[in-house]
Every structure is written in structure tokens, then in C-alpha cells.
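Engineer: I have a structure I would like to understand better, so I am pasting it below and will then ask my questions one at a time.
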Amino acid sequence: MTNYDEENTVFNGHYEVEVIIDRPVAGVWTQYLDIGSWVTSHDIENVYGTPGTVGSITRVSFKKAKEMDMPPTHHHYCKIVEMEREKYYLLKTYSEKGGSYGVNLTAFDDAKFSSCNGKTKIVFSVYLEMVAESIANETDPINLDVSRDGMIQNLENLKRICERNLPSCIENES
Amino acid sequence: MTYEAPNRPRSAITFVALLVLASCQAACISPRIDAEVGNNAQPQFVTFDQLLHIHFTLEYPIAQVWPYVIGIESWIKANPIESIAGVRGETGEIIKISVLTNDNKKHEYFAEVIQVLPRQKLVMKYLPVKSTSGVIEGLYGYDVYELEEINGITQVSFQTYQEYGTSKMSGEEFRAIMELGMEASEKRWLEEYIPTLRALLRTDLN
């Protein structure tokens, strides 16, 4: 092993998903900040700081963790590390001390907002590292399909809520 | 609000332990959260998130700019950067960054190219710090370069997401040092790196 090789207990993953919401960015942004309203895959509880502000930390519990027979602890943390209104929202995700779901995880989850013709595009990127002894023994390649599928579903929830509840650009103008 | 002891089954926590945990919560919510928020009256691991977003445009097509994204050492010159393993510009390439500190010690950091979408995106992951001779004991993060060409002009977005960690100083001291470093880094991008890149692109045309 060289002085730069990662241990075989490390898994690196990255994915990107996007959604286009037929509503102006101002309303979408406000709805996005109310994470609990559209993230249905996890229970979310604010544990530090003022919710929705930089520095605040939420405890995020994957609802299906028990059903999927994941090792404890069944929660991780998300900290808002940076945001720029209607443009950018960056979370750092990390596990409970000692691990979450059987791994030590750290990730940056970045959501970029752009606006075009009264519509909002959100590109959500995850850069993730997982560390666990079990990773070294995995025979099947690890993938992030569950996480990616969950996020696609969550963004679809956001789209549905926004398009149902927020006025469209045309309605705003009239 | 209650918190479980990290990674321990609830049944294993004794009543006394619960009392201790409860009394501890006001000052230290969870050891992992403390690392994040810098509650470190006692020496312990603290983290600092270094986040940098640099967006700029280059009056050149993407085909001309891309080689500089996979060869950053030609214009990012504050610290020596070398490609030491793997294939240049491909997933798996290993890059070494040598940093000379004020006390003349050399620290080496490594990064691996983990995603390449030719002429669109390159992602590098910083590899774990193995030597702990310096203040930095933990480094986790990514550099992301994204390119988009509009009418022959390339929009470049550079973002870095890095978590640094140490147990060698207080959260406040660490933050102060790292914030200075972050300001210096942003300044370098604007005053050194981007002008150097522009000059190289101009030279290419000649």
C-alpha cells in the first residue's frame, strides 16, 4: 500500500439527479427549505441551531432502515454548511459517532437552483464516502441506487407540492 | 429532546449512564455534533468546512479549456502539483499536492480523480491524511470543475467542499486559521490562477 491508497474499507460514491418544477424559483426555494414537507424517506428533527439557517443540524432517520435490516444507529446528521437564497443549498451529511446504518459516512449534498421562463431546475449532487469493515468483504459491488431512488422520489414530492400549491408564473402575471 | 449514546443499543445504557448523558446534553449534544459546532472546552476533534465557489468565463471554446482542467498544475501554482499515478484526466488518476508550511515543513496531500465527463466535469476526491505531523489530522472533501460552452465562451465553475479536522487546537483557533487560509485561497484564484490560465490560453492562440 502506498501513502495515498485508501483502505479497502472505503467506498466512494457520487450521483446527480435533477428535477424541473413548473413554478418560479422564489416559491420553490421556500418550499425546499421546509425539508420535512417533501422528504418522505426520512424523519427529520432539528437538533442544533435555528432550523433552515447555516450551521443548523438535523437528525435524519431513514424510515426503512429497520425494515431493510440495517445495523444501528438508524439515523445520521445533516448540517447546513452554506446557502445562497434561490441559488444554492449545501449540506454536509455525517454519521453518528461510531457509525450509522453500519457505516461511517460523510457526504456533501449540494442543490443548485436555476430559473428559466418561470420554471425552476434543481440539480442535486451527492459526493459520498462510506467506511466500514464490511465494505472490504463485500462480494457484490456497492451502489447508491437506494439513495438515488429515494432522492428522485423526494424531488418528485417537492415538484408535486409546488405545482399543486404555488401560483404559476402566468397566474402571477395575471 | 433525548439522544442515544452513539452506536450503543438502548438496552445497554444503564440508568446512571442516562443521567450522565442527560446532564451532559446542555453542553455537549453529541460528540459528533460537538466536533461540528466547536464545543471543545477539552481537547477533542474539531472540524472546519472549507467551501469555495469560483465562477468565471473564458473567451475560448471548451475544447481549448478542457486540457487545463485535467492539467491544473500549469496554472494553479501556489503549491507544487504532480500527477503521480494513473492516466492523466481519467478516473483513478492520483494527484499529489506538496504544501510547504511557514516552518519549512513539507506536507503532502493526495487526491484521486473519481469522475470525468470529458469537456464537462471533473471531480477529485481528497484522500485521507496519513501523516499527522501537521495540524491537519483529517481531510475529507472534493474539488469539482464544471464547464459549459455558450457561443464559444466557456463558463467555468470550480467548487471545493472540504472538511478539515484537528484535535491539536481549539475550535476557535482552528477556525481562525482556516478562515485566513480560505480568504487567501479565494484571493489566489482571482489574482493568480485565473489570470495565469487566461495568459496560457492567449499563448495557445499565438
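The values are calculated or read from the model by the stated rules, or taken from the named source; none is laboratory data. For clarity, every value in this text was computed on a predicted model and none was experimentally measured. Reconstructed Cβ throughout: ideal geometry from the backbone, glycine too, with neighbour counts over all protein chains shown.
Engineer: Can you tell me which condition B:Lys121 does not meet? The list is (1) within 12 Å of chain A (Cβ to nearest Cβ); (2) modelled with pLDDT under 95, and all the others hold.
Structural biologist: Result: B:Lys121 fails condition (2) only.
Engineer: Which residues, taken from the stretch A:50-87, are touching a helix residue (DSSP H, G or I) at 6+ places or on another chain (Cβ under 8 Å), in a loop (DSSP other than H, G, I, E, B) and within 10 Å of chain B (Cβ to nearest Cβ)?
Structural biologist: Hit for the stretch A:50-87 is A:Gly55, nothing else.
Engineer: Of all residues in the stretch B:39-69 being modelled with pLDDT of 95 or more and touching a Lys or Arg at 6+ places or on another chain (Cβ under 6 Å), which is farthest from A:Lys92 (Cα to Cα)?
Structural biologist: The residue in question is B:Ile62.
Engineer: A further question follows. Looking at the structure I just gave you, is B:Gly141 farther than 28 Å from B:Pro61 by Cβ and in contact (Cβ under 8 Å) with a residue 40 or more places away in the chain?
Structural biologist: Yes; evaluated as a whole, the condition is true for this residue.
Engineer: Could you check how many residues of the stretch A:18-35 are part of a strand (DSSP E or B) and buried (at least 17 other Cβ atoms within 10 Å of the Cβ)? I'd like the intermediate steps shown before the answer.
Structural biologist: Keep residues of the stretch A:18-35 that are part of a strand (DSSP E or B), which gives A:18-21.
Next cut, buried (at least 17 other Cβ atoms within 10 Å of the Cβ) only: A:19, A:21.
The total comes to 2.
Engineer: If A:Glu129 satisfies every condition in (1) within 22 Å of A:Gly13 (Cβ to Cβ); (2) more than 8 Å from chain B (Cβ to nearest Cβ); (3) touching a residue at least 40 places away in the same chain (Cβ under 8 Å); (4) within 15 Å of the chain's Cα centre (by Cα) but one, which is the exception?
Structural biologist: Of the numbered conditions (1) within 22 Å of A:Gly13 (Cβ to Cβ); (2) more than 8 Å from chain B (Cβ to nearest Cβ); (3) touching a residue at least 40 places away in the same chain (Cβ under 8 Å); (4) within 15 Å of the chain's Cα centre (by Cα), the odd one out for A:Glu129 is (2).
Engineer: Give all pairs with beta carbons closer than 6 Å in which a residue from the stretch B:144-158 that is within 14 Å of another protein chain (Cβ to nearest Cβ) meets a residue that is buried (at least 18 other Cβ atoms within 10 Å of the Cβ) and not in a strand (DSSP E or B); count only pairs at least 6 apart in sequence or on separate chains.
Structural biologist: B:Tyr145/B:Val69
Engineer: Moving on to the next point. Residues that are surrounded by fewer than 21 Cβ atoms within 10 Å (Cβ to Cβ) and not β-branched (Val, Ile, Thr): which strands (runs of 3 or more DSSP E) entirely in the stretch B:108-173 hold 3 or more of them?
Structural biologist: Working: elements: B:121-126, B:138-150, B:153-166.
Per the criteria, B:138-150, B:153-166.
Engineer: Considering only the stretch B:56-110, state which residues are within 14 Å of chain A (Cβ to nearest Cβ) and either of a type in the set (S, T, N, Q) or closer than 17 Å to B:Gly134 by Cβ (or both). Lay out the reasoning, then the answer.
Structural biologist: Step one: of the stretch B:56-110, the residues within 14 Å of chain A (Cβ to nearest Cβ) are B:81-86, B:91-98, B:106-110.
Matches in the stretch B:56-110: B:Ser83, B:Thr91, B:Lys96, B:Ile97, B:Ser98, B:Lys106, B:His107, B:Glu108, B:Tyr109, B:Phe110.
Engineer: Right, here's the next one. Can you say whether B:Leu127 is within 11 Å of another protein chain (Cβ to nearest Cβ), within 26 Å of A:Glu6 (Cα to Cα), touching a strand residue (DSSP E or B) at 6+ places or on another chain (Cβ under 6 Å) and without any contact (Cβ under 8 Å) to a residue 40 or more places away in the chain, as far as the supplied structure shows? Steps first, answer last, please.
Structural biologist: Numbers: within 11 Å of another protein chain (Cβ to nearest Cβ): yes; within 26 Å of A:Glu6 (Cα to Cα): yes; touching a strand residue (DSSP E or B) at 6+ places or on another chain (Cβ under 6 Å): yes; without any contact (Cβ under 8 Å) to a residue 40 or more places away in the chain: yes.
Yes: the conditions hold for B:Leu127.
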